[in-house]
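> Can you keep this structure in mind? I'll have questions shortly.
The values are calculated or read from the model by the stated rules, or taken from the named source; none is laboratory data. None of the values given here were measured: they were computed from a predicted structure. When we count neighbours, we look across all protein chains shown, and the Cβ atoms used for this are built from the backbone with ideal geometry, even at glycine.
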Amino acid sequence: MSAQAVVLLAALMVGHFLGDYTPLSTPRMLEAKARGGPLLPIVAHAAVHAVLTGLAVMAVARPAPAVLALALVIEFVSHFSLDAFRARLGVRVPALANPGDGLFWTALGLDQLAHGLVLVWIAALVL
């Protein structure tokens, strides 16, 4: 693996952290994810992630505009889909929304794994 690939993956992971675990994820976004809706704040959350992904990709890889656009679409669509699915599933299966239940942590881990694999896909796409 090249040094550029390592730097890009690190930048993408930092962006993912910033989008999920800092004030960039607003109380309204967090509430929508906890309640399974409304979808507009989850759309906004996915857009934040797409912007952060775009910044990381541009800073490290500077791909052709069409490749950058594809990376942004992949990040936006996948982030929205994963978060909306998990939110709606958490409403139907209360254990998935309860941090006191082991199933919550398994679901969170799978969610974060899926997001991470998308970032690997994006890195492979743009490099």
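> Give Pro65, Pro27, Pro23 a once-over and let me know the one that is farther than 22 Å from Pro99 by Cα, exposed (fewer than 15 other Cβ atoms within 10 Å of the Cβ) and not hydroxyl-bearing (Ser, Thr, Tyr).
Result of the check over Pro65, Pro27, Pro23: Pro65.
> Looking at this structure, is Ala124 at pLDDT 95 or above, surrounded by fewer than 18 Cβ atoms within 10 Å (Cβ to Cβ) and closer than 28 Å to Pro27 by Cβ?
Here the answer is no, as Ala124 does not meet what is asked.
> In addition: Would you please name the residue that is surrounded by the most Cβ atoms within 10 Å (Cβ to Cβ), looking only at residues in the range 1-20 that are more than 21 Å from Ala84 (Cα to Cα) and not hydrophobic (A, V, I, L, M, F, W, C)?
It comes out as Gln4.
> What are the residues in the range 86-115 that are assigned to a loop (DSSP other than H, G, I, E, B) and either touching a residue at least 12 places away in the same chain (Cβ under 8 Å) or among the β-branched types (Val, Ile, Thr) (or both), if any?
Of everything in the range 86-115, just one residue is assigned to a loop (DSSP other than H, G, I, E, B) and either touching a residue at least 12 places away in the same chain (Cβ under 8 Å) or among the β-branched types (Val, Ile, Thr) (or both), namely Val93.
> Being within 18 Å of the chain's Cα centre (by Cα) and of a type in the set (S, T, N, Q) is the filter; apply it to the range 89-115 and report the residue that is nearest to Val73 (Cα to Cα).
Selected residue: Gln112.
> Might you let me know whether the range 88-97 holds any residue that is loosely packed, with under 13 Cβ neighbours inside 10 Å and farther than 22 Å from Leu8 by Cα?
Taking every residue of the range 88-97 in turn, at least one turns out to be loosely packed, with under 13 Cβ neighbours inside 10 Å and farther than 22 Å from Leu8 by Cα.
> Let me ask something additional. Looking at (1) assigned to a helix (DSSP H, G or I); (2) in contact (Cβ under 8 Å) with a residue 40 or more places away in the chain; (3) surrounded by 14 or more Cβ atoms within 10 Å (Cβ to Cβ); (4) more than 15 Å from the chain's Cα centre (by Cα), find the lone condition where Val118 falls short.
Only one criterion in (1) assigned to a helix (DSSP H, G or I); (2) in contact (Cβ under 8 Å) with a residue 40 or more places away in the chain; (3) surrounded by 14 or more Cβ atoms within 10 Å (Cβ to Cβ); (4) more than 15 Å from the chain's Cα centre (by Cα) is unmet by Val118, namely (4).
Yes or no, residue by residue, for (1) more than 10 Å from the chain's Cα centre (by Cα); (2) over 17 Å from His115 (Cα atoms); (3) in a helix (DSSP H, G or I):
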{"position": "Leu9", "(1), (2), (3)": "yes, no, yes"}
{"position": "Met13", "(1), (2), (3)": "no, no, yes"}
{"position": "His16", "(1), (2), (3)": "no, no, yes"}
{"position": "Asp20", "(1), (2), (3)": "no, no, yes"}
{"position": "Gly37", "(1), (2), (3)": "yes, yes, no"}
{"position": "Val43", "(1), (2), (3)": "yes, no, yes"}
{"position": "Ala46", "(1), (2), (3)": "no, no, yes"}
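> Checking the condition within 12 Å of the chain's Cα centre (by Cα) and either in contact (Cβ under 8 Å) with a residue 24 or more places away in the chain or under 17 Å from Val120 (Cα atoms) (or both), which residue from Val57, Val67, Val77 passes?
One residue alone meets the criteria, Val77.
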